[in-house]
Amino acid sequence: MLRHHSIRPLLALAPGFVALALSLVAMESRAATFVVTRADDPAPNGCLPDDCSLREAIGATATTPEADTIALGAGQYQVTRGELLIDREIAIVGAGADATRLTSTGDYTLLQVDPFGALTVEGMEIGSADGVAVGVADNANATLRDVRVPANGGGVSTENGPTGGTASIRVEDSTIESGFGCFQSGGVCRVFDSHLDQVVVAAEFELVRSVVDGGNADYWGVTIASSTPATIIDSTIRHTHRPLYLIGDGEAAARIRVSRTRFVDNTGPLIGDRSSIVDMDEVEFRHHVVGAANPGDPAVLYAIPGPAWFISRALVVSNRGGDALDGAVVRVIGGGRVVFDNSTFDDNTFRAGASYGHTIGVYNNSGTPTIAWLFHVTMRRSLALNDATVGSLLTVRGPTTDVRVTNSALYGTCGFGGGGAILQGVGNAEAAGDTCGLDAATNQVDLSPSQLALGSLADNGGFTRSFEPNSRLSVLVDAADEAFCAAFGVLDQRGYARPAEGIGCDIGAIEVDAVADSIFANGFEE
């Protein structure tokens, strides 16, 4: 039995014992860096200082409990013995995407992140000619930074299942030219400052400051096949067959937000049957020309039952739709729902063939309500058409259509059939003629184009180009209906406040003589 006086010597030594113990723990838990010294893939027998392959380095990380780093120098590294399994936290760092290359030719996933694995890959090109470049399992995650996956390089994706799985991927400053997929609805996939060729997601998704470029192939740009939320900001989607494709699962889905994004040079429209709200703010649709593979499609938007599209501060310019009637550029059919506000339409028509409904076409032969509302828009017909062209701006066919046009500048014609009409039209100005069925008591009709004084499509501030009418000559100035201006026109296409100088709101997408405020619409100062 120890007596109290016998403990004192031990207590005197305690600080030394504690320091030694802590130093041993620190040594055991310290993360390691393993340097790969050979470029081939031999049978693994340990990672030695002068004899260590990538596979051997990955195996060596099991000897430390902390996150380890594997360093690859410049050069090409060939994997020939099957997939490289990652089941712990590892960073594999190369000398840069232009300097380090990791390849395989087998029918397997080159870098496979298993459950509980966390892989960071940085500074290299990865390609699997017959398999997948990077795959992520349920309850695992991967981060790609300064990585290139070339065309036919196998792509990057999570596993397709289980339902509700949590596999997640983050991509930064990278290029993936052979497909990017996120298929587990409980996961999150985020892409920043990167270049992709096509995207298919069933997970929560965020695309920021990035480009999706299908390269004029029959590719879908961004396909969202779930009810999870999605956000696209400061990005460009171009050269695709379906720039944004929304696939529903029969349930009400989370909101999709798109802002400060350009859709350019695509060969087909945005479309989808997902039941959700799609908020689009500060967007541009330019030079969509429908391809031969889908000759009857509209060029920009095909509104079918499912989404409710709310599109604000947009520019829709120089698009060419297919050869079907009812909407060369925007087509709304039975059950479709579209609202445009503070937006500009210019130089839109058919690619060839049809001659009815050159910009927006609304057609409903069903009993399902169809909505197409235009608030504070400016529309100018294609200069390839003439003043007698029927429906150069808008066509409405079918009795169960809810079409409303308010506070809008219309330079072109409307066309109607099958009982179709504009249900509500207030505060508009129409030139040249009186074809839209607007009440002259609450609208200006049969004007000359010179009375609109639209000027040229130009950079007048804001994210997209616009028409800014001549403040001294245009009948649009201070002529809008004030109630609808307060409801839908508080900010013009540029984000400038209405009314300018507190006088009266202007008709159309632009508030003449308005100025940018140092307080943005989000409430923050410049």
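The values are calculated or read from the model by the stated rules, or taken from the named source; none is laboratory data. Nothing here was measured: the structure is a model prediction, and the numbers come from that model. No Cβ is skipped: glycine too gets one built from the backbone with ideal geometry, and neighbour counts run over all protein chains shown. What goes into the accessible areas is simple: the full protein's heavy atoms, side chains included, and nothing from ligands, DNA or RNA. Shrake-Rupley method; radii C 1.70, N 1.55, O 1.52, S 1.80 Å.
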Output for the stretch 291-305, where each listed residue is in contact with a strand residue (DSSP E or B) (Cβ under 6 Å, 6 or more places away or on another chain) and open to solvent by less than 30 Å² (accessible area, probe 1.4 Å): Pro298, Ala299, Val300, Leu301, Ala303
Number of the exception - Gly106 against (1) modelled with pLDDT under 95; (2) open to solvent by 40 Å² or more (accessible area, probe 1.4 Å); (3) small (Gly, Ala, Ser): (2)
Flag for Thr389 being open to solvent by 50 Å² or more (accessible area, probe 1.4 Å) and in a loop (DSSP other than H, G, I, E, B): no
Restricting the stretch 477-514 to residues that are of a type in the set (Asp, Glu) and over 21 Å from Gly455 (Cα atoms), the residue that is surrounded by the most Cβ atoms within 10 Å (Cβ to Cβ): Asp481
Single unsatisfied condition, Gly334 versus (1) in a loop (DSSP other than H, G, I, E, B); (2) closer than 24 Å to Gly427 by Cα: (2)
Residue pairs meeting the criteria (Cβ under 9 Å; at least 6 apart or on separate chains; first in contact (Cβ under 8 Å) with a residue 60 or more places away in the chain and closer than 21 Å to Val258 by Cβ, in the stretch 454-471; second β-branched (Val, Ile, Thr) and outside any loop (DSSP other than H, G, I, E, B)): Phe463/Val283; Thr464/Val283; Thr464/Val317; Thr464/Thr344; Arg465/Val317; Arg465/Thr344; Ser466/Thr344; Ser466/Thr378
The stretch 337-355, residues that are at pLDDT 95 or above and assigned to a strand (DSSP E or B): Arg337, Val338, Val339, Phe340, Asp341, Thr344, Phe345, Asp346
Glu172 being of a type in the set (D, E, K, R), open to solvent by less than 50 Å² (accessible area, probe 1.4 Å) and closer than 26 Å to Pro115 by Cα: yes
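Among Val134, Val121, Val200, which is the only one that is part of a strand (DSSP E or B) and surrounded by fewer than 22 Cβ atoms within 10 Å (Cβ to Cβ)?
Working: Val134 fails: surrounded by fewer than 22 Cβ atoms within 10 Å (Cβ to Cβ); Val121 fails: surrounded by fewer than 22 Cβ atoms within 10 Å (Cβ to Cβ).
Answer to the check: Val200.
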Members of the stretch 69-124 found to be within 18 Å of Asp51 (Cα to Cα) and either without any contact (Cβ under 8 Å) to a residue 24 or more places away in the chain or of a type in the set (S, T, N, Q) (or both), listed by number: Thr69, Gln76, Gln78, Thr80
Sole residue being hydrophobic (A, V, I, L, M, F, W, C), surrounded by fewer than 10 Cβ atoms within 10 Å (Cβ to Cβ) and either at pLDDT below 95 or closer than 21 Å to Val134 by Cα (or both), chosen from Leu54, Leu24, Leu2, Leu72: Leu2
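When the residues of the stretch 436-450 are narrowed to those that are among the small types (Gly, Ala, Ser) and more than 39 Å from the chain's Cα centre (by Cα), which ends up nearest to Val475 (Cα to Cα)? I'd like the intermediate steps shown before the answer.
At the first step, the residues of the stretch 436-450 found to be among the small types (Gly, Ala, Ser) are 437, 440-441, 448, 450.
Still in the list and also more than 39 Å from the chain's Cα centre (by Cα): 440-441, 448.
Numbers: Ala440: 14, Ala441: 15, Ser448: 10 Å.
Ranking the candidates gives Ser448 first.
Looking at the stretch 206-232 only, could you name the residues that are among the hydrophobic types (A, V, I, L, M, F, W, C) and either buried (at least 17 other Cβ atoms within 10 Å of the Cβ) or closer than 17 Å to Ser174 by Cβ (or both)? First the steps, then the outcome.
Going residue by residue through the stretch 206-232, those that are among the hydrophobic types (A, V, I, L, M, F, W, C) are 207-208, 211-212, 217, 220, 222, 224-225, 230, 232.
Within the stretch 206-232, Leu207, Val208, Val211, Val212, Trp220, Val222, Ile224, Ala225, Ala230, Ile232 qualify.
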From Asn470, Asn428, residue being within 20 Å of Thr344 (Cβ to Cβ), surrounded by fewer than 18 Cβ atoms within 10 Å (Cβ to Cβ), of a type outside the set (Asp, Glu) and under 36 Å from the mean Cα position of the chain (by Cα): Asn470
Any pair with Cβ under 6 angstrom, 6 or more apart, that starts in the stretch 364-381 at a residue that is at pLDDT 95 or above and ends at one that is acidic (Asp, Glu): Ile371/Asp402; Phe375/Asp341; His376/Asp341; Arg380/Asp346
Residue in the stretch 405-414 that is open to solvent by less than 10 Å² (accessible area, probe 1.4 Å), under 25 Å from Gly336 (Cα atoms) and touching a His at 6+ places or on another chain (Cβ under 7 Å) present: yes
Qualifying residue in the stretch 185-193 (condition: free of Cβ contacts under 8 Å to residues at least 60 places away in the same chain, out of contact with any helix residue (DSSP H, G or I) (no Cβ under 8 Å at 6 or more places or on another chain), within 13 Å of Gly135 (Cα to Cα) and not in a strand (DSSP E or B)): no
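For the stretch 347-374, which residues satisfy the criterion of being closer than 17 Å to Ile311 by Cα and surrounded by fewer than 23 Cβ atoms within 10 Å (Cβ to Cβ)? If you could, list the steps in order and put the result at the bottom.
Going residue by residue through the stretch 347-374, those that are closer than 17 Å to Ile311 by Cα are 359-362, 370-374.
Selection gives Ile371, Trp373.
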Candidate set from the stretch 203-250 (those that are among the hydrophobic types (A, V, I, L, M, F, W, C) and part of a loop (DSSP other than H, G, I, E, B)); member that is modelled with the lowest pLDDT: Ala217
Residue list for the stretch 317-335, filter: of a type outside the set (A, V, I, L, M) and either open to solvent by 10 Å² or more (accessible area, probe 1.4 Å) or over 23 Å from the mean Cα position of the chain (by Cα) (or both): Ser318, Arg320, Gly322, Asp323, Asp326, Gly327, Arg331, Gly334, Gly335
Matching residues in the stretch 137-154 - criterion: being open to solvent by less than 30 Å² (accessible area, probe 1.4 Å) and over 18 Å from Asp173 (Cβ atoms): Ala137, Ala140, Gly154
Answer residue from the stretch 48-80, given it is over 38 Å from the mean Cα position of the chain (by Cα) and part of a loop (DSSP other than H, G, I, E, B) and is nearest to Gly154 (Cα to Cα) among those: Ser53
